[in-house]
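The values are calculated or read from the model by the stated rules, or taken from the named source; none is laboratory data. On a predicted model such as this, the values are computed, not experimentally measured, just so you know. Using ideal geometry, Cβ is built from the backbone for each residue, glycine included, and neighbour counts are taken over all protein chains shown.
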Amino acid sequence: MDTAEPTSKPTAQREALVSLVLSVIAVAAFAAVLGLTTRFHSWQASLAETMRGRGERDLQTGRAGRAIEDFRSALAFDRDNSVYQFRLAQALEAEGRFDEAESYLINLWERQPQNGMVNVQLARLAVHRDAMSQTLRYYHNAIYGIWDSQPDENRRAARLELVEFLLQRNARAQVQSELIAMQAGLPPDPWLHLKVAELFRKIDDYENGFAQFRQVLQLDHGNVEAAAGAGEAAFELGRYRTAVRYLESAVAANRKDEVSRNKLNTANLVLASNPFRPNVSMEERKRRVQNAFRAASAHLNDCIEARGESPGHGAAENSIEKLHNRQTDLGPKLRGRTFNDPDFQESVMDFVFEVEEQTADCGSPTGLDQALVLIGRNREGAER
Amino acid sequence: MSAAVSSADTPCDTVATPRRSLRRWPFEFAFREERFFLVLSVFIGIFSALAVVCFRLAIDWSRLWLLGPRLSPSGLRVILAPSLAGIVVAILVLHAFPTVRGSGVNQTKAALYIYNGYIPLRTGVGKFITSAWAIGAGHSLGPEDPSLQIGASLASALGRRLKLSREKLRLLAPVGAAAGLAAAFNAPISAVLFVIEEVIGRWSAGILGSVVLSAVSSVVVMRWFLGSEPMFRIPAVQLIRPQELLAYAALGIVGGFAAVIFARGIGFLRPRLKVLPRWTQYLQPGIAGLMIGLIGYVGFPQVMGAGYEYIDEAMHGQFTWKTLAMLAALKILATTLSFVSGTPGGMFAPTLFIGAMLGGAVGHVERIVFPYLTGSVGTYCLVGMGVLFAGFLRAPMTSVFMVLEVSGNYSIIVPVIVANTLAYVVSRALEPTPIFDLLTRQDGLELPSLEEQREETILRVEDAMHAPVGPVLDSDETVEHVNQRVQLSSANIFLVHLSPGGWTTVTRDTVARLKGEGKGELSLGTALPSQRLPCLHPDLPLEAALRHIHESPLLPVVHRADFGRLEGVISQQDVLNRYKLVEREA
């Protein structure tokens with residue numbers, strides 16, 4: 001092998017010249033390699049897109065295993081591509097490989113902690129792990145995060161997912177706060193209002209639910225579900241006249257809606273049986289009180305019979321026995337002059353409500369009994 | 001250059017450790033060449049990086065062309081591509097590029113120590129083509145060692161073109177090697193350390209600046225084209241309880257054994273295949289490729305090529321421990337087959353692959369047995385890479401920094417140091433010769449090794465010095481008084497402590513002569529010709545004494561903090577006796 005001999009000692013001029021020549025060569029080589037790499041990378045990018053396309057198709061057709069391989073191949077060409085990483089994470093999640101999916105997502109999250117899509121995906125994985133605090137954190141990151149497209153829609157969708165998660169955990173207060181935050185920014189979309197109204201109804205927030213159902217009806221007058229929902233909400237709120245109005249339209253539009261029909265009947269019965277309604281004449285009130293007393297007495301007797309107890313032979317401490325004694329005491333007075341006394345009417349109705357409450361374990365009240373229960377509850381609520 | 005300093009404040013000519021000689025040229029010439037060499041190192045870094053970028057593209061292109069765009073190739077292609085590519089590579093190696101066999105590390109080292117830094121450009125070109133083709137086709141080899149040789153080859157060619165001195169030309173090879181490796185690894189510190197540990201084979205301050213400059217400039221250029229992301233996505237790494245270091249220690253021991261198996265496999269097969277008839281060398285890479293293709297065909301395509309993607313996957317827990325263990329074992333087999341067949345390509349990437357898989361497998365098992373362990377599988381993979389690097393390549397310092405650099409995570413340093421040290425110790429105990437030294441010796445060469453240097457007993461001045469035989473004289477004493485003291489001693493030569501500082505010697509005859517000349521009343525310092533001796537210190541290497549011993553039959557060994565305090569004396573005979581003693585002990 002040859003060996004080089006030292007033949008030259010550098011001088012300042014020579015060094016400068018050599019440095020200049022080397023700089024020129026370096027710039028030229030740099031440009032050449034830049035051109036080469038640009039072309040090569042664009043070729044790789046097209047291959048990556050091809051692999052990604054295959055992956056998308058595989059994912060859509062449920063072949064998550066193949067999609068994983070496709071997305072991995074795409075990532076081999078462009079390993080920092082967040083879209084490929086995200087889709088790979090989704091494919092891994094679809095395949096049930098949650099830990100692997102999470103590692104990719106965490107990697108993405110570290111780069112873009114405000115990325116809405118990544119946070120939602122991480123939240124879903126946290127849901128799978130039943131990690132409450134992480135789920136809330138990621139969902140809230142997504143709700144207040146950055147979305148590349150349709151930010152409002154995506155944020156709403158993320159919040160709805162969060163609400164579903166909280167509903168499963170029966171975290172009603174949190175659901176309510178999320179829904180209240182959500183309803184403020186809802187666009188005039190009946191479907192969305194209906195969805196939110198249904199969710200309010202699920203957590204027994206009928207006040208907000210009713211408002212949302214009404215909103216739906218304002219946007220879509222013929223929306224039967226909204227009418228039924230508004231009727232039910234009004235019913236639960238004790239606004240029976242309003243409930244009747246909505247339930248009638250719901251039943252008229254959908255005659256098979258038995259739930260609304262039953263509620264309508266009950267609401268009508270409540271309206272027809274409530275002696276405390278304003279604008280009810282004295283005679284009518286007396287009639288209603290008498291009807292209520294008769295119904296309650298019959299319910300009480302049925303209950304005593306069902307329990308196998310003979311009236312007048314029970315212990316004095318027994319509440320049913322006490323009620324029976326009160327019934328015996330009140331019965332004759334209903335035909336006397338004292339019946340005109342509003343206080344007496346009040347005490348009769350107190351007896352009625354107490355009977356309906358105490359006999360609840362003798363079977364679900366129906367018909368007039370159910371109406372009396374509702375009237376009683378409504379009255380208690382008003383007093384409270 | 002010896003640092004000869006003499007002044008009133010410096011009472012003694014001190015002797016420093018040896019440094020490079022500048023005697024050839026006047027100082028300004030030497031300084032200018034040093035400066036130019038540094039500038040040249042930057043250009044070498046740039047050119048090497050550009051070459052390595054092209055090399056990486058060539059590998060990717062070959063892979064796409066031969067194995068297709070899917071990450072896990074399938075079908076007959078997976079068998080045919082490495083087999084046929086192996087045959088093509090064999091033809092190229094045997095007929096066009098006969099010097100490109102192997103990884104390239106040894107060849108670069110040989111260029112430095114045997115061929116005065118000469119590496120033909122043809123070697124670099126051949127390495128580029130054959131390695132890219134082989135790795136792209138799925139041979140279980142990596143691009144780092146070839147990149148190292150490509151960089152060294154470019155540097156050597158540039159040095160020759162510029163007609164640099166032999167000394168500089170010799171140093172250019174490691175400078176280029178560091179640049180090539182840094183670009184391939186995206187890790188400048190590891191590249192510098194590896195070149196020092198494995199190519200230069202000794203710590204040399206003279207070249208360190210150039211190596212660092214070339215490595216840094218190379219990495220900067222490479223990142224311009226290929227990005228600056230770490231090679232792997234590193235999962236969360238943590239060491240919560242110090243007791244968990246035991247788990248990493250166990251990994252270090254397992255890795256040490258695996259490294260020995262790997263090294264012995266190569267060490268055993270390589271010479272046996274080399275001595276087979278020449279015609280078989282046309283087939284050896286092809287057969288190796290066929291076997292690797294079969295491994296890929298039966299379900300383990302991960303062992304094909306460098307395998308970085310799969311290291312990444314292993315780090316993120318995407319394999320079971322059984323798969324990881326299987327991949328580690330098959331990669332050892334595949335890499336051994338590729339390497340011993342003479343296919344050009346490097347061992348860095350396979351070493352990292354095996355280490356990662358082994359680490360992952362051990363980590364998995366440990367977590368099953370001890371569920372309270374908090375380290376993720378990814379952490380074990382990461383530590384495993386360093387473990388095998390330390391155990392197989394026997395570059396312990398590089399192994400630590402390599403893990404830190406490729407991961408970009410410094411929180412793992414303690415487990416890495418513990419595991420790597422154990423792997424290194426186990427490997428060294430079971431296999432005394434490091435793999436690169438073994439390959440060098442199989443090629444009939446004997447090159448310096450940093451590991452051997454570390455093992456060597458370093459003789460120091462304190463090992464050979466002894467107390468002065470005669471009295472130590474003072475230059476303020478009169479010649480008459482000195483003569484009386486000399487007469488009482490049997491020694492012929494005496495140390496004289498000069499005033500205000502420094503040492504010299506005087507012989508019995510000189511003292512007698514001065515007295516005979518009527519200088520008995522004069523002080524010895526006045527009567528003696530002024531000649532200060534160089535002073536040695538006990539901790540200096542013995543060779544430092546040897547280089548100055550000709551100036552006087554006796555040299556003083558003084559305390560570093562007090563040059564007037566004599567620790568002992570040393571003579572040429574003392575030095576020679578010490579060396580003879582060492583030889584006898586050996």
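Here are the numbers for this structure:
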read-out: Filter result (in contact with a Gly (Cβ under 9 Å, 6 or more places away or on another chain) and either more than 21 Å from A:Ala184 (Cα to Cα) or buried (at least 19 other Cβ atoms within 10 Å of the Cβ) (or both)) within segment A:129-146; value: A:Asn141, A:Ala142, A:Ile143, A:Gly145
read-out: Lone unmet requirement of (1) of a type outside the set (Asp, Glu); (2) surrounded by 24 or more Cβ atoms within 10 Å (Cβ to Cβ); (3) not in a helix (DSSP H, G or I) for B:Val89; value: (3)
read-out: Condition broken by A:Thr50, with the remaining ones in (1) touching a helix residue (DSSP H, G or I) at 6+ places or on another chain (Cβ under 6 Å); (2) within 8 Å of chain B (Cβ to nearest Cβ); (3) at pLDDT 90 or above satisfied; value: (1)
read-out: Given (1) buried (at least 23 other Cβ atoms within 10 Å of the Cβ); (2) within 8 Å of chain B (Cβ to nearest Cβ), index of the condition A:Ala101 fails; value: (2)
read-out: Long-range neighbours under 9 Å by Cβ, at least six apart or interchain, first residue at the interface with chain B (Cβ under 10 Å from one of its Cβ atoms) and closer than 22 Å to B:Pro69 by Cα within segment A:26-43, second of a type in the set (Val, Ile, Thr) and buried (at least 17 other Cβ atoms within 10 Å of the Cβ); value: A:Leu36/B:Val53; A:Thr37/B:Val53
read-out: Residue list for segment B:312-340, restricted to those being modelled with pLDDT under 90 and not polar (S, T, N, Q); value: B:Asp312, B:Glu313, B:Ala314, B:Met315, B:His316, B:Gly317, B:Phe319, B:Trp321
read-out: Yes/no for A:Ala12 being surrounded by 14 or more Cβ atoms within 10 Å (Cβ to Cβ) and either at pLDDT 90 or above or among the small types (Gly, Ala, Ser) (or both); value: no
read-out: Qualifying residue in segment A:79-89 (condition: surrounded by fewer than 17 Cβ atoms within 10 Å (Cβ to Cβ) and under 27 Å from the mean Cα position of the chain (by Cα)); value: no
read-out: Qualifying residues in segment B:339-356 (those that are among the hydroxyl-bearing types (Ser, Thr, Tyr) and over 22 Å from B:Phe319 (Cβ atoms)) - the one surrounded by the most Cβ atoms within 10 Å (Cβ to Cβ); value: B:Thr343
read-out: Where a residue in segment B:557-586 is free of Cβ contacts under 8 Å to residues at least 12 places away in the same chain and its partner, wherever it lies, is of a type outside the set (D, E, K, R) and surrounded by 19 or more Cβ atoms within 10 Å (Cβ to Cβ), with Cβ under 7 Å and at least six apart; value: B:Arg565/B:Val558
read-out: Candidate set: segment B:144-172, residues that are polar (S, T, N, Q) and within 22 Å of the chain's Cα centre (by Cα); chosen: the one farthest from B:Gly104 (Cα to Cα); value: B:Ser156
read-out: Those helices (runs of 4 or more DSSP H) lying entirely in segment B:485-579 with at least 1 residues modelled with pLDDT under 85 and more than 12 Å from B:Val461 (Cα to Cα); value: B:524-527
read-out: Subset of segment B:217-241 (residues that are more than 8 Å from chain A (Cβ to nearest Cβ), surrounded by 19 or more Cβ atoms within 10 Å (Cβ to Cβ) and modelled with pLDDT of 90 or more); value: B:Ser217, B:Ser218, B:Val219, B:Met222
read-out: Flag for A:Glu248 being crowded, with 16+ Cβ neighbours inside 10 Å, without any contact (Cβ under 8 Å) to a residue 24 or more places away in the chain and not aromatic (Phe, Trp, Tyr); value: yes
read-out: Whichever residue in segment A:53-65 is without any contact (Cβ under 8 Å) to a residue 12 or more places away in the chain and assigned to a helix (DSSP H, G or I) and, among such residues, is nearest to the other protein chains (Cβ to nearest Cβ); value: A:Gly53
read-out: Any hit, segment B:154-163, residues being under 25 Å from B:Leu84 (Cβ atoms), assigned to a helix (DSSP H, G or I), within 14 Å of chain A (Cβ to nearest Cβ) and not hydrophobic (A, V, I, L, M, F, W, C); value: no
read-out: Helices (runs of 4 or more DSSP H) (entirely within segment A:66-173) containing at least 3 residues that are of a type in the set (Ser, Thr, Tyr); value: A:132-143
read-out: Selection status of B:Ile46, in a helix (DSSP H, G or I), modelled with pLDDT of 55 or more and within 7 Å of chain A (Cβ to nearest Cβ); value: yes
read-out: From B:Thr280, B:Thr343, residue being farther than 26 Å from B:Gly359 by Cβ, of a type in the set (S, T, N, Q) and free of Cβ contacts under 8 Å to residues at least 24 places away in the same chain; value: B:Thr280
read-out: Test for B:Met326: is it in the same structural domain as B:Tyr424 (by TED's automatic domain parsing) and surrounded by 24 or more Cβ atoms within 10 Å (Cβ to Cβ); value: no
read-out: Qualifying residue in segment B:143-150 (condition: away from chain A (no Cβ under 13 Å), among the hydrophobic types (A, V, I, L, M, F, W, C) and in contact (Cβ under 8 Å) with a residue 40 or more places away in the chain); value: yes
read-out: Residue among A:Val196, A:Val259, A:Val270 that alone is within 12 Å of the chain's Cα centre (by Cα) and either crowded, with 17+ Cβ neighbours inside 10 Å or assigned to a helix (DSSP H, G or I) (or both); value: A:Val196
read-out: Within segment B:242-333, helices (runs of 4 or more DSSP H) holding 1 or more residues that are of a type in the set (Asp, Glu) and within 14 Å of chain A (Cβ to nearest Cβ); value: B:308-315
read-out: Qualifying position, being surrounded by 24 or more Cβ atoms within 10 Å (Cβ to Cβ), within 21 Å of B:Ile46 (Cβ to Cβ), at pLDDT below 90 and not basic (Lys, Arg), among B:Leu112, B:Leu181, B:Leu154, B:Leu164; value: B:Leu164
read-out: Some residue of segment A:115-137 being small (Gly, Ala, Ser), farther than 19 Å from A:Ala157 by Cα and within 14 Å of chain B (Cβ to nearest Cβ); value: no
